[in-house]
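Participant: Here it is, the structure in full.
The values are calculated or read from the model by the stated rules, or taken from the named source; none is laboratory data. Remember, predicted model here, so these are calculated numbers, not experimental data. As a convention, Cβ positions derive from the backbone with ideal geometry for all residues, glycine included, and neighbour counts pool all protein chains shown. Just the protein is used for accessible areas: all its heavy atoms, side chains included, with ligands, DNA and RNA removed. Shrake-Rupley method; radii C 1.70, N 1.55, O 1.52, S 1.80 Å.
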Amino acid sequence: MVIFFPKKSLGQNFLIQPQVALDMAFSVSNSDLVVEIGPGTGALTKKLLEKGARVIAVEKDNLLYKRLSEENVDNLEVIHGDVLETDLFIKEPYKIVANIPYYITGKIIRHFLETENQPTSMTLLIQKEVAERIVAKDSKESLLSISVKVYGNPTYIKTVKRGNFNPIPKVDSAILHIENISRDNFKNLDENLFFKVLKTGFSSKRKKVSKNLKSLIRIEDPRRPEDLSLKDWLDIVRKMSQQFQ
Ligand code: SAM
């Protein structure tokens with residue numbers, strides 16, 4: 001028998017409550033293609049398969065990869081690798097459902113929203129505070145929230161208390177769902193320019209957005225960056241693009 005010690009360095013906090021895994025799978029229906037990041041011991045994988053999904057699971061941990069792939073389960077393909085460096089070669093619509101390692105939450109979200117072959121939706125179990133920031137629970141937007149909203153619609157599904165994991169993490173988690181993922185906002189707008197303006201606009205959160213952006217564009221706006229909506233940012237970038245034409 002192999003004794004398995006969870007690796008902190010890989011953010012291993014395994015789900016021990018089947019109901020949470022079921023809650024995570026709420027958007028999955030029969031024959032959906034689902035990419036799971038870090039299947040670990042397979043608690044969530046099992047529920048996705050029970051819902052009739054075809055699952056591609058990418059696991060970085062060699063031992064966990066071996067364990068899961070040796071089970072030879074129908075409709076499950078297990079890939080050994082770092083999800084941020086693995087080309088999945090998917091040629092059809094797919095969803096992401098994953099209890100992701102906290103240490104690369106931002107990188108994973110950015111990676112899959114910015115990639116050419118985006119998923120149609122992402123359901124992620126992440127640190128509660130990060131989920132709250134993404135949906136701007138306190139009505140204060142951030143670089144992170146606008147960077148997500150420009151690609152899709154994030155919803156805070158529910159809080160998941162830390163006792164639902166083994167080992168127990170130091171913080172609570174939440175299920176975040178991002179749907180309608182697309183690049184529609186960039187049909188007539190330069191993606192790189194949008195992010196340049198956004199990053200410059202948030203360079204100092206306490207200053208007015210007009211002051212942060214003064215090297216790029218002159219605008220009359222007394223608000224701070226956190227008070228601007230996605231539409232406001234898109235309007236600013238459109239105005240800038242028109243000036244260049
Ligand atoms: N899905 C399992 C569950 O819900 O119980 C495990 C979740 S655990 C929070 C995160 C999983 O991601 C671990 O199995 C870990 O080994 C794996 N992992 C960590 N970094 C990874 C990476 N860069 N690429 C793929 N998997 C990774």
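Participant: Which of 170/196; 207/231; 60/205; 170/231; 211/231 have a Cα-Cα distance over 29 Å?
Facilitator: Cα-Cα > 29 Å for 170/196; 60/205; 170/231; rest within.
Participant: Peptides 51-58, 19-26, 218-225: what's the order by average Cβ count within 10 Å, highest mean first?
Facilitator: 51-58, 19-26, 218-225
Participant: Among 159, 182, 55, pick out the residue whose Cα is farthest towards the positive end of the charge dipole of the chain, where Lys and Arg carry +1 and Asp and Glu carry -1 on C-beta, about the Cα centre.
Facilitator: Result: 159.
Participant: Per residue of the chain, what 222 nm ellipticity follows from adding -39500 (n - 2.57) for every DSSP H run with n ≥ 4, rounded to the nearest 500?
Facilitator: For the chain, the value works out to -8500 deg cm²/dmol.
Participant: Could I ask something else about it? Looking at the stretch 8-182, what % of the alpha carbon pairs are farther apart than 18 Å?
Facilitator: Every Cα pair in the stretch 8-182 considered, those over 18 Å come to 58 percent.
Participant: Report, to the nearest 10°, how far helix 191-201 tilts away from the longest principal axis of the Cα atoms in the chain, using its own Cα long axis and a range of 0 to 90°.
Facilitator: For helix 191-201, the angle is close to 70 degrees.
Participant: Next question, about the same structure. Cα centroids of the stretch 139-217 and the stretch 12-34: how far apart, whole angstrom?
Facilitator: 24 Å
Participant: How big is the Cα convex hull of the stretch 43-124 in projection, averaged over all directions, in nm²?
Facilitator: For the Cα atoms of the stretch 43-124, the hull's average projected area reads 5.5 nm².
Participant: Rounded to the nearest 0.05, what FRET efficiency do residue 77 and residue 217 give with R0 = 41 Å and r taken as the Cβ-Cβ distance? Could you check?
Facilitator: Plugging the Cβ-Cβ distance into 1/(1 + (r/R0)^6) gives 0.30.
Participant: Under a crude label model (7 Å from the Cα following the beta-carbon direction), how far is residue 23 from residue 7 in nanometres?
Facilitator: In this crude label model, residue 23 to residue 7 measures out at 2.9 nm.
Participant: Something else now. Could you list, in their original order, any pairs among 51/161; 107/128; 199/239 whose Cα atoms are separated by more than 19 Å?
Facilitator: Checking Cα-Cα distances, 51/161 exceed 19 Å.
Participant: Got a number for carbon plus sulfur as a percent of the chain's accessible area, 1.4 Å probe?
Facilitator: Here carbon and sulfur together make up 49 percent of the probe-accessible area.
Participant: OK, next. Once label points are set 7 Å from the Cα along Cα→Cβ at both residue 188 and residue 115, what is their separation, rounded to one decimal in nm?
Facilitator: 3.1 nm
Participant: While we're on this one: If you put +1 on each Lys and Arg Cβ and -1 on each Asp and Glu Cβ, how big is the dipole of the chain around its Cα centre, in Debye rounded to 20?
Facilitator: 1260 debye
Participant: With N set to the number of residues, divide the alpha-carbon radius of gyration of the stretch 186-244 by 2.2 N^0.38 Å and report two decimals.
Facilitator: This ratio for the stretch 186-244 stands at 1.02.
Participant: Taking only protein heavy atoms into account and a 1.4 Å probe, give the accessible area per residue of the chain in Å².
Facilitator: For the chain, the solvent-accessible area averages 54 Å² per residue.
Participant: So what's the angle, to the nearest 10 degrees on a 0 to 90 scale, between helix 230-244 and the longest Cα principal axis of the chain?
Facilitator: Rounded to the nearest ten degrees, it is 50.
Participant: If you take every DSSP beta bridge whose two residues both sit in the chain, what share of them, in percent to the nearest 5, is antiparallel?
Facilitator: Here the share of antiparallel DSSP bridges comes out near 45 percent.
Participant: Specify the angular offset, from 0 to 90 degrees and rounded to the nearest 10, of the alpha carbon long axis of helix 105-114 from the longest principal axis of the alpha carbons in the chain.
Facilitator: On a 0 to 90 degree scale, this one is about 70.
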